[in-house]
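Read through the structure below, which is laid out as structure tokens, and then see the notes.
The values are calculated or read from the model by the stated rules, or taken from the named source; none is laboratory data. Note that the structure is predicted; figures quoted are calculated from it, not measured. Quick reminder, even Gly has a Cβ in these numbers, built from the backbone with ideal geometry, and neighbours come from all protein chains shown.
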Amino acid sequence: MSEPPRRPRIGITTKQGGPATQSGRFYAAAVEAAGAEVVWLEPETVAGTDPEEILREVDALVLSGGVDVDPRHFGEGVVSEANVEIDPRRDQAELPLIRAALARDVPVLGICRGIQMINVAAGGTLHQDLGLIGLDPAGHQQRQAGRKVDEVAHPVRIERTSRLATALGSDRVEVNSFHHQAINRPAPGFVVTARSPDGVIEGLEHPGRTFAVGVQWHPERMVGAHAEQRRLFQALVDAAKARRA
């Protein structure tokens with residue numbers, strides 16, 4: 001008898017020690033529920049390794065959340081009022097990997113920090129803090145409003161013809177929110193596909209790639225009660241299967 005087909009292998013980037021955290025378990029559960037196998041990509045594993053070698057071992061990437069992207073990677077100094085928290089080792093490990101994945105058309109899903117990393121890796125910029133552009137940061141930090149991590153914070157409008165809308169099965173979703181930075185100038189080749197009511201960019205994708213999608217919210221925290229968020233991970237896994245085939 002022939003062996004069953006191998007499950008797609010999805011590499012998840014994370015901080016050092018991230019797989020053992022509660023956040024790590026949420027990412028793993030969402031990917032595994034969509035029918036894939038998790039490959040953890042911690043900075044100490046990724047840094048110094050040829051990105052091409054890593055990409056030969058996985059069928060897609062999930063770029064997980066975390067601390068802020070170092071502004072020097074998009075040509076700015078740190079603004080003191082922005083309270084930027086960075087992980088230099090993680091930035092240095094992930095940026096070459098993301099660029100290689102985009103160049104090879106490896107399916108990529110960026111989540112929170114992940115959407116920002118996609119944008120910066122491809123040549124875009126970020127707002128270092130939403131408060132510095134006249135917005136209320138508390139509107140995108142639901143813990144400050146006393147909401148739990150799996151509760152919704154605000155709606156998001158999505159471009160109807162986008163891959164994101166197709167994956168979610170809707171052009172409007174309710175999302176959670178845990179960020180104080182956001183995309184400023186989209187990277188060349190990428191298009192904005194979703195925004196919150198105050199205009200913050202919540203979705204980004206590259207129409208010239210099979211699946212290069214980023215979201216500013218945390219879908220892995222919502223999969224239990226929101227079926228559309230599960231479909232986002234399923235769309236990534238389906239893209240990984242198609243690429244491998």
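Taking the criterion of being under 16 Å from the mean Cα position of the chain (by Cα) and of a type in the set (D, E), would at least one residue in segment 88-103 satisfy it?
yes
So, E42, is that one acidic (D, E) and within 17 Å of the chain's Cα centre (by Cα) or not? Break it down stepwise before answering.
Numbers: acidic (D, E): yes; within 17 Å of the chain's Cα centre (by Cα): yes.
So E42 fits the description; yes.
So, in segment 131-151, of the ones that are touching a residue at least 40 places away in the same chain (Cβ under 8 Å) and in contact with a Phe, Trp or Tyr (Cβ under 9 Å, 6 or more places away or on another chain), which residue ends up farthest from P197 (Cα to Cα)?
That would be V149.
Taking the condition of being within 23 Å of R221 (Cα to Cα) and buried (at least 17 other Cβ atoms within 10 Å of the Cβ), how many residues in segment 172-192 meet it?
Total satisfying the criteria: 10.
Answer yes or no: is there a residue in segment 84-100 that is touching a residue at least 12 places away in the same chain (Cβ under 8 Å) and farther than 20 Å from K15 by Cα.
Pass one, segment 84-100, residues touching a residue at least 12 places away in the same chain (Cβ under 8 Å): 84-100.
Keeping just the survivors that are farther than 20 Å from K15 by Cα gives none.
No, segment 84-100 contains no residue that is touching a residue at least 12 places away in the same chain (Cβ under 8 Å) and farther than 20 Å from K15 by Cα.
Give the residue that is farthest from R221 (Cα to Cα), with candidates limited to residues of segment 128-166 that are part of a loop (DSSP other than H, G, I, E, B), of a type in the set (A, V, I, L, M, F, W, C) and at pLDDT 80 or above. So that I can check it myself, show each step before the final result.
Step one: list which residues in segment 128-166 are part of a loop (DSSP other than H, G, I, E, B), which gives 128-129, 134-136, 146-153, 159-162.
Those left that are additionally of a type in the set (A, V, I, L, M, F, W, C): 135, 149, 152-153.
This time we only want the ones that are at pLDDT 80 or above, so: 135, 152-153.
Values: L135: 25, V152: 10, A153: 13 Å.
Taking the candidates together, the pick is L135.
So which residues in segment 193-245 are among the acidic types (D, E) and either in a loop (DSSP other than H, G, I, E, B) or surrounded by fewer than 24 Cβ atoms within 10 Å (Cβ to Cβ) (or both)?
Of segment 193-245, the ones among the acidic types (D, E) are 198, 202, 205, 220, 228, 238.
Matches in segment 193-245: D198, E228, D238.
When you scan segment 96-110, do you find a residue that is charged (D, E, K, R), in contact with a Leu (Cβ under 7 Å, 6 or more places away or on another chain) and closer than 30 Å to A239 by Cβ, even just one? It would help to see each step written out before you state the result.
Step one: list which residues in segment 96-110 are charged (D, E, K, R), which gives 99, 104-105.
Still in the list and also in contact with a Leu (Cβ under 7 Å, 6 or more places away or on another chain): 104.
After this cut, where a residue has to be closer than 30 Å to A239 by Cβ as well, the list is 104.
Taking every residue of segment 96-110 in turn, at least one turns out to be charged (D, E, K, R), in contact with a Leu (Cβ under 7 Å, 6 or more places away or on another chain) and closer than 30 Å to A239 by Cβ.
Can you pull out the residues in segment 1-44 that are of a type in the set (V, I, T) and surrounded by 14 or more Cβ atoms within 10 Å (Cβ to Cβ)?
I10, I12, T13, T14, V31, V38, V39
State yes or no: is G75 of a type in the set (G, A, S) and crowded, with 17+ Cβ neighbours inside 10 Å? Outline the logic, then answer.
Values: of a type in the set (G, A, S): yes; crowded, with 17+ Cβ neighbours inside 10 Å: no.
Criteria not met by G75.
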